[in-house]
1. Grab the other residues whose beta carbon is less than 15 angstrom from that of Leu222, score K and R as +1, D and E as -1, and report the net.
2. Between segment 76-118 and segment 1-36, how many Å separate their Cα centres?
3. Given 25 °C and 0.890 mPa s, how large is the Stokes-Einstein diffusion coefficient of segment 83-129 in µm²/s, with Rh as the Kirkwood radius over Cα pairs?
4. Glu79 versus Ala242, label points 7 Å from Cα toward the beta carbon: distance in nm?
5. In whole Å and largest first, what semi-axes does the C-alpha gyration tensor of segment 186-257 yield when each eigenvalue is scaled by 5 and square-rooted?
6. Each residue of segment 15-32 in turn: what ³J(HN,Hα) in whole Hz from Karplus with 6.51, -1.76, 1.60 and θ = phi - 60°, glycine and Pro shown as x?
7. P(r) of the chain in 10 Å steps, Cα pairs, percent per bin?
8. What value does segment 39-125 have for Rg/Rh, both radii from Cα atoms and Rh as Kirkwood defines it?
Amino acid sequence: MAGHIAALYRHPVKGFTPEPLARAQLSAGAPFPCDRLYAVETGPSGFDPEAPAFVPKQKFAVLAALPQVARAATRYDEETQVLSVSAPGLPDLSARLADEAGREALADWLTRLLGDEARGPLRVLQAPGHRFMDHPRGDVSILNLASVRDLEQKLGREIDPLRFRANIYVEGWPPWVENQWAGASMMVGWAQAQVFKPIVRCAATDVDPALGVRDMEITKALFDHYGHMFCGVYVHVTREGAASVGDACSQPQVETTAPGHAIGGATA
């Protein structure tokens, strides 16, 4: 059974506004293009730009810890590396994040937005070639929209899929079938990928992505109704290719799942 790509999103600054795309060029062994290039540190995180390594998202300004970050509407220009940001009650800002001065300007603006909610001094982080992913091996994330709708039916209320902050949103798969695909190969548009693991969800999904308020208990609902906290899968791109809205996203044949393979583990 083949699904199709219903939407593509990137998140240039970790935790902030998802940006829709019509097309993305997926590269083998690489994350989703222009995704999680920057992160906003809330107090010392231990991140070293000279030796960049994975840092848990709890160290950053993300929805799981600070729902108020959703009140900042951001837009990133990949060519100029300028981030434009706005929020009610604050002047608009455009800052070139490739420059230290631009990163400091954004940190100052966010300090005014978040106020005492931030745990410590804010600092915008980046390092060439590094991505601030939720999982150290979570290259590209895919969300099955049928699974979200199945959860909606259980709760009796609408769930904005953007709560899950995925890169690729797929229509046409049966609900929850993706949880069985660890190790399988699949086509994503014209690219080929291998499913790594289901995504374990956290409190970020409890936050309304438009209003910046915690108004649902998604993780609790997942566990109560299904006995797990999965929603979506991580994949690794194994052959480069373009992925566009409307392209096929083929349900895979499981090939390499090892006996006893653990699909839980680190949270997303």
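1. 0
2. So the separation of the two Cα centres works out to 22 Å.
3. D, rounded to a whole number, is 217 µm²/s.
4. Result for the modelled spin labels: 1.8 nm.
5. Ellipsoid semi-axes (Å, largest first): 29, 17, 9.
6. With the stated coefficients, segment 15-32 comes to x, 9, 4, x, 10, x, 10, 8, 8, 9, 9, 8, 10, 4, x, 10, x, 5 Hz.
7. All Cα pairs, binned at 10 Å, distribute as 7, 30, 36, 21, 5, 0 percent.
8. Result: Rg/Rh = 0.95.
We did not get these values from a lab; they are worked out from the coordinates using the rules stated. Here the structure is a predicted model, which means the values were calculated and not measured. Don't worry about glycine lacking a Cβ; one is built from the backbone with ideal geometry, like all the others, and counts go over all protein chains shown.
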